[in-house]
1. Would you order B:T113, B:T38 from fewest to most other beta-carbon atoms within 10 Å of each residue's own beta-carbon?
2. Please give, to one decimal in nm, the separation of the simple spin-label points placed at B:Q123 and A:R144, each 7 Å out from Cα toward the Cβ.
3. Given the convex hull over the Cα atoms of the protein assembly as shown, what projected area results after averaging over all orientations, in nm²?
4. With each label point set 7 Å from Cα along the Cα-Cβ vector, what nm distance links A:E232 and A:H25?
5. Dividing the Cα convex hull volume of chain B by residue count, how many Å³ per residue is that?
6. Where does each of B:H206, B:H54 land when they are ranked from fewest to most other beta-carbon atoms within 10 angstrom?
7. With unit charges on the beta carbon (Lys/Arg positive, Asp/Glu negative), name the residue among A:L282, A:L296, A:I262 whose Cα is farthest towards the positive pole of the charge dipole of the range A:252-308.
8. Using 0.36 nm times the number of residues separating A:T6 and A:N110, minus their current alpha carbon distance, what extension gain do you get?
Number of protein chains: 2
Amino acid sequence: MTFTITQQRNGTYYYRNSAGFHFKHGGRIDELALTYTTYGNLSAAKDNVVVIHHALSTNSHVRSHAKNTTRGWWENMVGPGCPIDTQRYYVICINNLGSCFGSSGPASINPNTQQAYACDFPQLSIDDIAHAQYLLLQDLGITRVHALVGPSMGGMISLSWAWQFPHSVNYLVSISSCMRSFPSNIALRSLQREIIRLDPAWQQGHYQSTTKLAGFLLARKLAHLSYRNCSELDEKYLELSAHDKQSRNIKTYLAHNAQKFISNFDANSYLYLTKAMDKFDLTQGEHNKNQILAKLQTKTLIISVNSDTLFHPRQQQELYHALTQAGIDAQFIEHTSAYGHDTFLVETDAMGQYISDFIAD
Amino acid sequence: MTFTITQQRNGTYYYRNSAGFHFKHGGRIDELALTYTTYGNLSAAKDNVVVIHHALSTNSHVRSHAKNTTRGWWENMVGPGCPIDTQRYYVICINNLGSCFGSSGPASINPNTQQAYACDFPQLSIDDIAHAQYLLLQDLGITRVHALVGPSMGGMISLSWAWQFPHSVNYLVSISSCMRSFPSNIALRSLQREIIRLDPAWQQGHYQSTTKLAGFLLARKLAHLSYRNCSELDEKYLELSAHDKQSRNIKTYLAHNAQKFISNFDANSYLYLTKAMDKFDLTQGEHNKNQILAKLQTKTLIISVNSDTLFHPRQQQELYHALTQAGIDAQFIEHTSAYGHDTFLVETDAMGQYISDFIAD
């Protein structure tokens with residue numbers, strides 16, 4: 001047995017595997033750590049598991065519970081009587097490898113140097129994130145999951161999982177995500193990374209964890225702007241400014257959100273995770289997509305949001321058509337909302353209905 | 001006589017007025033300099049003048065001519081037999097006050113310090129830019145112009161001119177512009193300014209003119225991305241990457257364009273001009289728009305581009321409805337194109353037709 005699991009005071013589980021982890025593009029870490037949260041009860045047959053793959057900005061805290069009463073990022077999606085009903089399903093959400101909420105990442109201590117890995121952390125891919133989570137489930141004795149549910153970057157991880165381990169999944173829900181990053185996605189995220197690195201306080205990744213990184217703040221403002229649809233923001237802030245010229249405006253809105261975010265997030269993690277997103281391509285860059293994608297033997301629901309300018313509906317349509325052509329049983333929903341990419345966080349009732357109908361099928 | 005005009009070797013005219021210039025928000029410069037280019041011949045009655053107001057990034061060099069054979073930014077728009085026909089019109093394009101192509105701006109030498117003004121240049125407004133140009137035309141003995149034509153920021157200047165000096169203009173063409181900046185415009189441009197200031201090489205504006213400013217480069221990449229429609233860029237670069245993975249991609253495209261731009265543009269000018277755009281509001285922030293806008297007694301053509309995500313069609317519609325409600329004779333054209341905000345630079349034939357039909361009316 002190379003792993004240990006301990007429950008922490010905030011209710012999360014801390015998995016450590018001393019066998020380490022080998023990354024797809026080379027490099028390894030001597031110990032793999034993953035922090036995860038569970039909701040509901042595992043059935044005796046271990047056949048009621050739903051894995052939620054979280055997005056770039058969030059973590060394993062999907063909803064509040066007795067040991068951590070702060071609101072989760074998908075608070076009403078999971079729980080008794082909720083769309084992902086914990087009276088029926090055992091829900092697991094694992095902090096992504098490379099992130100900074102208890103799983104191995106650039107802020108983890110490198111046992112060889114006793115310093116944070118920072119930019120010495122191995123190059124990360126979406127496939128690595130899915131692979132590490134799969135290894136954890138194997139160690140939990142779970143060989144097949146009922147469903148993978150992933151919004152945004154989480155949707156990439158769900159697809160990668162189902163593609164790498166095709167006999168391990170019944171249902172897959174990919175929300176506001178894609179099968180590969182588009183040039184405009186890459187441009188926006190690479191600009192964010194360049195802004196972080198422009199800041200002299202970043203110090204080639206060797207900043208003190210308490211340093212306020214002005215570049216990271218700026219990068220996140222840009223990211224946040226891309227998460228919402230400009231029409232909605234324009235309407236909201238034109239309306240506000242008509243009533244009150246001085247106080248709330250779009251600049252203070254972006255600054256407030258970005259400040260909140262960077263006070264909890266590691267800038268190097270942000271560099272690694274966004275780069276992994278940029279490089280994601282389920283077709284592995286091959287021209288013969290059908291053969292590649294046919295491996296993904298999972299019934300798939302693809303949810304698209306009409307106002308999403310970051311993960312544009314074209315990207316979900318591409319995924320849907322590619323899967324269908326490869327003979328995969330895929331369904332497509334275009335959801336109408338004003339909230340852009342962030343809709344999955346805002347309109348949980350509608351999203352929940354789609355998910356619940358599909359995975360109960 | 002407080003002014004002099006000299007023609008320079010590249011054919012541009014250099015206007016210097018020792019009466020100086022007072023800015024709307026306070027502050028003055030002791031000498032006002034404006035560089036301009038003319039095409040065609042002024043009629044004896046001085047009644048055939050078309051003033052073109054250039055956008056943020058460009059200058060008075062609208063098209064090539066004998067003394068400067070480099071291609072202009074609107075090469076085929078102006079000339080004999082062109083949409084703005086120099087056999088009929090006398091065309092003047094003046095480098096904007098605050099810019100860096102021969103007109104007074106932050107890079108100009110402050111006579112009191114013998115150093116560049118840098119951030120000691122007075123706060124600039126769109127009204128100032130229009131006002132300075134109007135003064136020049138007065139000095140040229142031109143009291144009324146046949147038409148003002150302004151794309152993008154130039155459209156703001158045209159509107160400001162016609163509003164400040166309502167009896168001086170017959171026709172106004174505002175292309176991909178607005179009557180006030182929207183919150184999302186302000187957010188994008190303020191991010192660009194923050195990126196420039198984040199760069200330690202910017203040195204509070206006191207950089208050497210030969211310094212390559214990494215922050216300015218980054219800011220301009222972001223700007224350039226906003227000038228095009230992401231769908232067009234995605235389509236183009238997905239196609240290119242399918243054929244040639246290594247060479248041309250969206251990152252090298254943005255880097256190439258931004259590099260070319262910043263090698264000719266002053267970063268402080270960029271800060272001043274974008275801030276002036278952010279603050280532009282033809283309605284002067286008043287609730288009683290009709291009364292304010294009724295002052296603008298000019299027949300106006302508003303051209304909108306469906307794929308423009310920076311100056312969104314909503315902004316031209318707002319202008320059109322506001323003018324119409326204020327009793328101004330306004331026309332509206334929504335042009336269909338894939339090229340986003342940059343369409344006015346790309347589809348000159350179509351734009352030229354709209355302009356030429358309207359001002360010949």
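Throughout, read-outs are computed from the coordinates displayed, never taken from laboratory work. All figures in this text were calculated on a predicted structure; none of them were measured in a lab. Every residue, glycine among them, receives a Cβ derived from its backbone with ideal geometry; neighbour counts consider all protein chains shown.
1. Least crowded to most crowded, the residues run B:T113, B:T38.
2. Simple spin-label model gives 6.9 nm for this pair.
3. 34.0
4. In this crude label model, A:E232 to A:H25 measures out at 3.2 nm.
5. Cα-based convex hull of chain B, divided per residue, equals 144 Å³.
6. Lowest to highest Cβ neighbour count: B:H206, B:H54.
7. The listed residue farthest towards the positive side: A:L296.
8. 35.4 nm
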